[in-house]
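Here's the structure we're looking at; comments come further down.
The values are calculated or read from the model by the stated rules, or taken from the named source; none is laboratory data. If you're wondering where the values come from, they're calculated on a predicted model, not measured in any experiment. Please note: Cβ atoms are built from the backbone with ideal geometry, for glycine as well, and neighbour counts cover all protein chains shown.
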Amino acid sequence: MKRTLIVAALLMAAVAPPGGARAAESDSEPPPPTREERIRMAPVIEDSEPYPDQSFEISQEDVWLRTPFGDDLLTDPAVWASRRGSHFELDRDMAARMRLAYNRVDRVALGLGLEVQDPTTLAPRLGTRLEYATDRERWLYGIQLEQPLAPPGRLALGVSMVRRTDHSELQQVDDTENSLALLLGRADYRDYFEREGFGTYLSWRVPDFSTVSVHWRNDDYRSLPAYLNTVSWFNTDQSLRDNPPIDDGRTHTVAVRLERLAHRTFRTRAGIYHWIEMEWAGQGLGGDFSYTRALADVRSVLRLTPISSFAFRMVGGFTPKGVLPRQKEFTLGGVDGLRAQPFARFRGDEMLLGQAEYQVEIGRIAHGSMHGALQAIVFIDAGRAWTSPDHTFDLQNQHVQTDAGLGFAASEDRMRIYFARDLGDRNGEFLVSLRLQRPF
């Protein structure tokens, strides 16, 4: 608790809620826009569902929601066409972005990515990234080239090659948040390994459904030791969790994947977005491992009223055949799933997780040019990961873990604090966690 409160205090001081300002058109500065003016200035999005009463103060938020999977080398064409996000725009068709990460295996990883694409043409799309891991003295890289095959660019053929410090796709805290947690609170929310390989894929963007793709990959996996002299500014007397070994080896895989994004603005109800994959390794493909693995992550955000919303997430994992290497096992526990449990407390080749959050505005923050909303959150997480020797999804034989609690969000959802409790432990205490992003 003491550690978390220290981290919370520092991050609250470092993360300021966004403000809005208008350029002065005369010697006297004009007043800030009214609520009606803010609504008129907001972009109109196709297929939006406006509310009959929009006299409330709204955010100019324009966010694409996606499940955080993949190598993040190429931006989805729809997202690229609408905005560049955190990219440093070089011109209309090119953007660069920096990466700075701090973790317990690389120490500092510093890199630069470059992306080139024009979704309105059939020109190739290119994404690259080059990084240097200081402790390992290792160059890391990624390159992805995608060629649209037919107008209007819904069918595409791509190739990629990477060497990266990787982690389980279910450990979804991003680089910035994880780096601050380690630097300020001596907590790392990931377990790491190195993945190096190449692959090719064919994708088909099916309107109003999903992007369906088929992938072939050849990847080498290597264990990474923890950096013994990792520095944290606070809680220095706390021992740092070791980085566990994986099953080193090579995989030859074929996968079928479905991915859909959702566009959320104040005018839309966002809808359902997903990431679903069925992967086959070995079984005539070669490599050191043989298994069949399925993973599905389905999410939705629904605006209930102008000041309240409901979000849910369902994740399921299943291994119908073979033995998963440790780096492919499903893990649950921690700030991104079962929030009252220790990191990766549950592990296995089967899993199921359900999460739900109700969020409502309880007040507004206004001080000078800074403004924002204070939100109250009620949430519940339920699920478990386990191993089934006979490869049956025997959830009925498992003790499903249930956590619940309260939270608060500020600074346009860029800072959240959660108080989570294990509902199965009568004497359990609240576990406090600070987030700098929505959990789903």
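Considering each residue of the stretch 192-209, count those that are within 29 Å of Ala262 (Cβ to Cβ) and of a type in the set (Asp, Glu), and give that number. Selection size over the stretch 192-209: 1. Here Ala356 meets each of (1) more than 20 Å from the chain's Cα centre (by Cα); (2) at negative phi; (3) surrounded by fewer than 18 Cβ atoms within 10 Å (Cβ to Cβ) with one exception, condition (1).
Annotation: of all residues in the stretch 252-262 being surrounded by 20 or more Cβ atoms within 10 Å (Cβ to Cβ) and closer than 18 Å to Arg66 by Cβ, the one that is modelled with the lowest pLDDT is Arg260.
Looking at Tyr141, is it surrounded by 17 or more Cβ atoms within 10 Å (Cβ to Cβ), aromatic (Phe, Trp, Tyr) and not in a loop (DSSP other than H, G, I, E, B)? Answer is no for this residue. Applying a threshold of 6 Å to beta carbon distances and a minimum spacing of six or more residues, or different chains, the list of pairs starting in the stretch 92-106 at a residue that is of a type in the set (Ser, Thr, Tyr) and ending at one that is surrounded by fewer than 16 Cβ atoms within 10 Å (Cβ to Cβ) and assigned to a strand (DSSP E or B) reads Tyr102/Val108.
Every residue, every condition in (1) among the acidic types (Asp, Glu); (2) at pLDDT 90 or above; (3) part of a strand (DSSP E or B), yes or no:
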| site | (1), (2), (3) |
| --- | --- |
| Phe198 | no, yes, yes |
| Leu202 | no, yes, yes |
| Arg205 | no, yes, yes |
| Asp208 | yes, no, no |
| Tyr221 | no, yes, yes |
| Ser232 | no, yes, no |
| Asp237 | yes, no, no |
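Is it the case that some residue within the stretch 374-381 is closer than 28 Å to Asp247 by Cα, at pLDDT 95 or above and either in the same structural domain as Val432 (by TED's automatic domain parsing) or within 19 Å of the chain's Cα centre (by Cα) (or both)? Checked against the condition, which is being closer than 28 Å to Asp247 by Cα, at pLDDT 95 or above and either in the same structural domain as Val432 (by TED's automatic domain parsing) or within 19 Å of the chain's Cα centre (by Cα) (or both), the stretch 374-381 yields no hits at all.
Quick check on the stretch 292-307. Is at least one of its residues of a type outside the set (Val, Ile, Thr) and out of contact with any strand residue (DSSP E or B) (no Cβ under 6 Å at 6 or more places or on another chain)? Within the stretch 292-307, one or more residues are of a type outside the set (Val, Ile, Thr) and out of contact with any strand residue (DSSP E or B) (no Cβ under 6 Å at 6 or more places or on another chain). State whether the residues of the stretch 209-219 include one that is charged (D, E, K, R) and under 25 Å from Arg195 (Cβ atoms). Looking for residues that are charged (D, E, K, R) and under 25 Å from Arg195 (Cβ atoms), one finds at least one in the stretch 209-219, hence yes. Of the listed requirements (1) surrounded by 15 or more Cβ atoms within 10 Å (Cβ to Cβ); (2) within 21 Å of the chain's Cα centre (by Cα), Ala133 misses just one: (2).
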